[in-house]
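Student: Below is one structure. I have some questions about it.
The values are calculated or read from the model by the stated rules, or taken from the named source; none is laboratory data. Since we're looking at a predicted model, the values are computed, not measured. Don't worry about glycine lacking a Cβ; one is built from the backbone with ideal geometry, like all the others, and counts go over all protein chains shown.
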Amino acid sequence: MTLFHFGNCFALAYFPYFITYKCSGLSEYNAFWKCVQAGATYLFVQLCKMLFLATFFPTWEGGAGVYDFVGEFMKATVDLADLLGLHLVMSRNAGKGEYKIMVAAMGWATAELVMSRCLPLWVGARGIEFDWKYIQMSFDSNISLVHYIAMAAVVWMFTRYDLPKSFRLPVTVLLALCVYKSFLMELFIHAFVLGSWTVLLVKAVLTGAISLCSLLLFVSLVHSN
Amino acid sequence: MFEEASEVFDNMFKSSFPLTFIVFIPAVLILVSPLPAEAAHEFTVYRMQQYDLQGQPYGTRNAILNTEARTVEAEVLSRRCVIMRLVDFSYDKYQKALRQSAGAVVIILPQNMSSMPQDIVQQFMELEPEMLSTETIVPVYFAMEDDELLSIYTQTLTSSSSQGALSAAEVLLHTATANGFQMVTSGAQSKAMSDWAITSLEGRLTGVGGEDLPTIVVVAHYDSFGVAPWLSYGADSNGSGVSMLLELARLFSKLYTYKRTHAGYNLLFFVSGGGKFNYQGTKRWLEDNLDHTDSSLLQDNVAFVLCLDTLGNGDALHLHVSKPPKEGTPQYALLKELETVAASQYPGMKFSMVHKKINLADDMLAWEHERFGIRRLPAFTLSHLPSHRLAQRSSIMDVRPHVDIEKLSRNTKVVAEALARVIYNLTEKGASGDLHIFTEQMQVQEEHLSAMVDWLSAQPRAAQLVDKDSSVVSTLEYHVGRYLKDVKKHYIKADKRDPEFVFYDQLKQTMNAYRVKPAIFDLLLAVCIAAYLGAMYFAIQNFGMLYSIARRVTQPKVKAH
C-alpha cells in the first residue's frame, strides 16, 4: 500500500527478534558474530537441501487438487537436515546449554527471516494493492522464531550423552513433530480447507504446544542433576 | 560542497567495502524496485468519444485516471472515480457526479445488452447525444460487467452508502474491514491523431448508348457512431444501408452484363466514410469531383442521388427530401415508382415523403443528401426513421438484433424494383405495379444481406477506428470490386492548419482496480502493532516467571525419580 504499511509489517516481523536478542542476554555475551555464523550455516544447509530436492525429487505432475501424500512426506523428511545443521552450530559453540540454544536458534531464525520474508515484504507491502497476507507473514515470522528456539532446545537435549532413558521417547517425538510440523499443517489445510487467519491460529497453537513441552522437558532435564 | 561529498564517498569506498554494500544496496533497491502491478482485478474499459468538429470540442477531454472508487450515493464525490451501473444510470446522477467535480466516471454496461429492459435501453440511447453534446473535462469510461467488477461495485456501494450517521467506533471498525478500490488506467494521456485518413470507396456500372448518359448515384456511409467508439457496432445505422447498397450493386451488375438489359443509365455507387462526422467523406468527394477535375460523372447529367441510411427495421419507408421534386424530373419518377411498388407489392408497408429544408445555421447536417443538396445535385435519403433526430442513429445500443433481415430484404426489394422501373422506364411502357422484376435467380438474397450485416456488426466501425489499412476497408473494397468497375479509394485528411475534424486516441484501455485502505487504517494498524510489540516485550522480559512455573510443575516429577 504505502511505505508506512511496509514499516508496519517490518516492525511486526523484526522487533520481536530484536527484543529477544536484547532480553535474552545474548548481547552481553557478544554473540553477534556467533549468530551470523549460525545464519551462514543456515544458508549452507538450505543450499544443500535445495540441491538434494532438485536432484532426487522430480516435480510432481499429478492432477491439480490431488495431494501427493508420499511425495510431500519425503520432502518434509529432507528437513531433517535442519536438525543436523542446528546440531553443527551448537557443537561448534562452547558454553552453557541455554546460550548455545539461543545463539543457534536466533541465527537460524533471523537468517530465514532475512532470506525468505524480507523481499516479499519489500515488494508486496509497498504496492498499491492492500492485502492482509503481509501482516500474516509478519506474524508467521514471530511464530517461526518460537519454533526454532524450541527445535534447537530439543536438538540440544537429544544430543546430550547424559539424557535419561525416560526422556528418550518424548524428546524423539518432539523432534519428529518439529520436523514434520509444516507437513502436518499442509495436511490440515488440505483436509479442512482453512482460511488464512485460521491457519495462522492453528500454527501458533501447535507451535506453542510444542515449545511448552520442550520447555518442560528442558527445565526438568537441567534441574534434575 | 559537492567535492566534500564526493570525498566522503571516496573514503567510504576505500575504507570499508561492506559499508558500501550496506549503504548502496538498499538505495539501489529503493530506486530500482518497481511497484508491482498485481491488481485485484484488471479489465478493459472503453473511453467516451473525444473529437473536435469544425473547431468545436466534443466528448471527454481526458484519459488518465488514478483515483479511489465511489458510487454516486456517497456524500463526497470530488476527485473520486464514480462508478455506476447502466440499470441505475440517469442523467441527473451523471450531472451530479460532474457537478461535484468527480475525478472520473465509469459506467458498467451489462454483458448482454439485449437482455436489458427496453425502457432503460431507450433512456440510455436518448442520453448518449446529451453526454456528447458538450465537452467533459474528466475521463468517462465504459466497462463490461463481469462477476469481479460487480463485486467491486457492491463493495464500493456498501462503503459509500453507509458513511452517513455512524459513531466514531463504527467508522473505525468500518475502515478496518471495508475495502476501498483505487482505479488506475495504464495508458497515457489522449492526444490528437494527426494525419488520420478517412477512407471512402467508389465504384460504377457504366450504361450503354451514347455519350451523355444520365447518372444515378447510390450512397451509404459505412461508419458507426456511439458514445464510446469501441462499442459502436452500428448494425442498423448504417450496416443495413451498406449491405443494401452492396445487394443493389450485385443485382444491377447482373442486369448490366446482358446486352438486352444493359440500360442507358450510369450507376455510381459510393460507400462513404466519416458519415457520422457531418459526412466528411461525401463532402470531400464532391469537392474533388466538382471543383478539381474536368470530367466526372457528377458534373454532367446526374439524374438523382439516393442515399441509404438506417433501413433494417420498421414497417415504414420515408423519403427525406430538402426540396419536393417537381413533376417530370427523374427524382419525381423515382418517388412515384417507390409509391407504386410499395402500394402494390407490399400493402402493409407505409411509404411517405418527409420534407425538411437544409438548415445551414445548424452545426450538423441532418441527412447525407443535404451534402449533395448544397452542391445543387438532386438528392434524397431513404430511411425507416421518420426524423434525423432519433437516437437509433448514434447509439451503442444499435447492435445486431436491431436489424430484422426480413424487413431489410423487403426494403431492398422495393428500392431495387423502383430503381429498375426508373432505369427501364417501365411505367411509361405500361408495366403494372405488381410486376416483379427481381424474382427467381435475380431475387434479393436474404443470406447475402444477413451475412453482410453480421460481418459489419461484428466489429466496431467508428470512424476513429477504421484506418486505411483496416480489414473493414479492405473487405468492403473486395465486395465492391466483385460487382463494380473502376473501384477507387478516396482518402481524406483534415487540413493541418484549420482541421475540420480531429480524432483522439486512447479509446480502449486496461483499467486496474487495486484494493486499498484509507490512511487512518495504517495509523490504526500501527497502534495495534505497537501494543502487540509492547506485550511481547513484557512477555520476554518476564520469561523467568514462566521458567519458574515450569520448574515448579516439573519438581515433583524429579522427586519421584
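Student: Look through B:286, B:251, B:246 and report the one residue that is out of contact with any strand residue (DSSP E or B) (no Cβ under 6 Å at 6 or more places or on another chain), closer than 20 Å to residue B:472 by Cβ and in a helix (DSSP H, G or I).
Tutor: Of B:286, B:251, B:246, the one residue that is out of contact with any strand residue (DSSP E or B) (no Cβ under 6 Å at 6 or more places or on another chain), closer than 20 Å to residue B:472 by Cβ and in a helix (DSSP H, G or I) is B:246.
Student: Continuing with the same structure: Looking only at residues in region B:198-243 that are under 25 Å from residue B:470 (Cβ atoms) and among the polar types (S, T, N, Q), which one is nearest to the chain's Cα centre (by Cα)?
Tutor: Only one residue fits best here, namely B:232.
Here's the yes/no breakdown for (1) β-branched (Val, Ile, Thr); (2) outside any loop (DSSP other than H, G, I, E, B):
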site: B:444; (1), (2): yes, no
site: B:447; (1), (2): no, yes
site: B:452; (1), (2): no, yes
site: B:455; (1), (2): no, yes
site: B:464; (1), (2): no, no
site: B:469; (1), (2): no, no
site: B:472; (1), (2): yes, yes
site: B:478; (1), (2): no, yes
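Student: Quick one: residue A:46 ticks every box in (1) more than 14 Å from chain B (Cβ to nearest Cβ); (2) touching a Lys or Arg at 6+ places or on another chain (Cβ under 9 Å) except a single one, so which number is it?
Tutor: Condition (2) is where residue A:46 drops out.
Student: Further question: I want to confirm something. Restricting to region A:117-146 and keeping residues that are without any contact (Cβ under 8 Å) to a residue 40 or more places away in the chain and touching a Phe, Trp or Tyr at 6+ places or on another chain (Cβ under 8 Å), which single residue is farthest from the other protein chains (Cβ to nearest Cβ)?
Tutor: Of everything passing the filter in region A:117-146, A:120 is farthest from the other protein chains (Cβ to nearest Cβ).
Student: I've got another one for you. State whether the residues of region B:212-219 include one that is in contact with a Cys (Cβ under 6 Å, 6 or more places away or on another chain), over 29 Å from residue B:144 (Cβ atoms) and hydrophobic (A, V, I, L, M, F, W, C). Walk me through how you get there before you give the answer.
Tutor: Looking only at region B:212-219, we keep the residues that are in contact with a Cys (Cβ under 6 Å, 6 or more places away or on another chain), and these are B:219.
Checking which are over 29 Å from residue B:144 (Cβ atoms) leaves us with B:219.
Those still in the list that are hydrophobic (A, V, I, L, M, F, W, C) too: B:219.
Within region B:212-219 (the criterion being in contact with a Cys (Cβ under 6 Å, 6 or more places away or on another chain), over 29 Å from residue B:144 (Cβ atoms) and hydrophobic (A, V, I, L, M, F, W, C)), the answer is yes, since at least one residue qualifies.
Student: Those residues that are within 14 Å of chain B (Cβ to nearest Cβ) and not hydroxyl-bearing (Ser, Thr, Tyr), I need them from region A:166-208; list them, please.
Tutor: Within region A:166-208, A:167, A:170, A:197, A:200, A:204, A:208 qualify.
Per-residue answers, yes or no, for (1) farther than 21 Å from residue B:338 by Cα; (2) in contact with a helix residue (DSSP H, G or I) (Cβ under 7 Å, 6 or more places away or on another chain):
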position: B:439; (1), (2): no, no
position: B:444; (1), (2): no, yes
position: B:451; (1), (2): yes, no
position: B:465; (1), (2): yes, yes
position: B:477; (1), (2): yes, no
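Student: So, one more: So which residues in region B:104-133 are crowded, with 20+ Cβ neighbours inside 10 Å and under 14 Å from residue B:84 (Cβ atoms)?
Tutor: Within region B:104-133, B:104, B:105, B:106, B:107, B:108, B:109, B:124, B:131 meet the criteria.
Student: A follow-up question, please. From the list B:522, B:467, pick out the single residue that is farther than 28 Å from residue B:309 by Cβ and surrounded by 14 or more Cβ atoms within 10 Å (Cβ to Cβ).
Tutor: After applying the criteria, what remains is B:522.
Student: Quick one: how many residues across region B:454-480 are touching a residue at least 24 places away in the same chain (Cβ under 8 Å) and over 21 Å from residue B:254 (Cβ atoms)?
Tutor: 16
Student: Can you name the condition, by its number, that residue B:184 falls short on among (1) under 30 Å from residue B:295 (Cα atoms); (2) in contact with a strand residue (DSSP E or B) (Cβ under 7 Å, 6 or more places away or on another chain); (3) of a type in the set (A, V, I, L, M, F, W, C); (4) surrounded by fewer than 24 Cβ atoms within 10 Å (Cβ to Cβ)?
Tutor: It fails just one condition, (1).
Student: Limited to region B:234-259, what total is found for residues that are surrounded by 24 or more Cβ atoms within 10 Å (Cβ to Cβ) and out of contact with any helix residue (DSSP H, G or I) (no Cβ under 7 Å at 6 or more places or on another chain)?
Tutor: 5
Student: Can you name every residue in region B:478-522 that is of a type in the set (S, T, N, Q) and within 14 Å of chain A (Cβ to nearest Cβ)?
Tutor: Correct list: B:512 only.
Student: Let me ask another. Only residues that are at pLDDT 90 or above and either part of a helix (DSSP H, G or I) or on the phi > 0 side of the Ramachandran plot (or both): list them for region B:305-329, please.
Tutor: Within region B:305-329, just B:310 meets the criteria.
Student: Go through region A:1-17 and give me each residue that's in contact (Cβ under 8 Å) with a residue 12 or more places away in the chain, in a helix (DSSP H, G or I), more than 16 Å from residue A:113 (Cα to Cα) and within 7 Å of chain B (Cβ to nearest Cβ).
Tutor: Answer for region A:1-17, where residues must be in contact (Cβ under 8 Å) with a residue 12 or more places away in the chain, in a helix (DSSP H, G or I), more than 16 Å from residue A:113 (Cα to Cα) and within 7 Å of chain B (Cβ to nearest Cβ): just A:5.
Student: From the set of residues in region B:272-283 that are assigned to a helix (DSSP H, G or I) and within 21 Å of the chain's Cα centre (by Cα), which is farthest from residue B:500 (Cα to Cα)?
Tutor: Here the answer is B:281.
Student: Please go through region A:57-71 and pick out each residue that is exposed (fewer than 10 other Cβ atoms within 10 Å of the Cβ) and at pLDDT 70 or above.
Tutor: Those that are exposed (fewer than 10 other Cβ atoms within 10 Å of the Cβ) and at pLDDT 70 or above: A:58, A:70.
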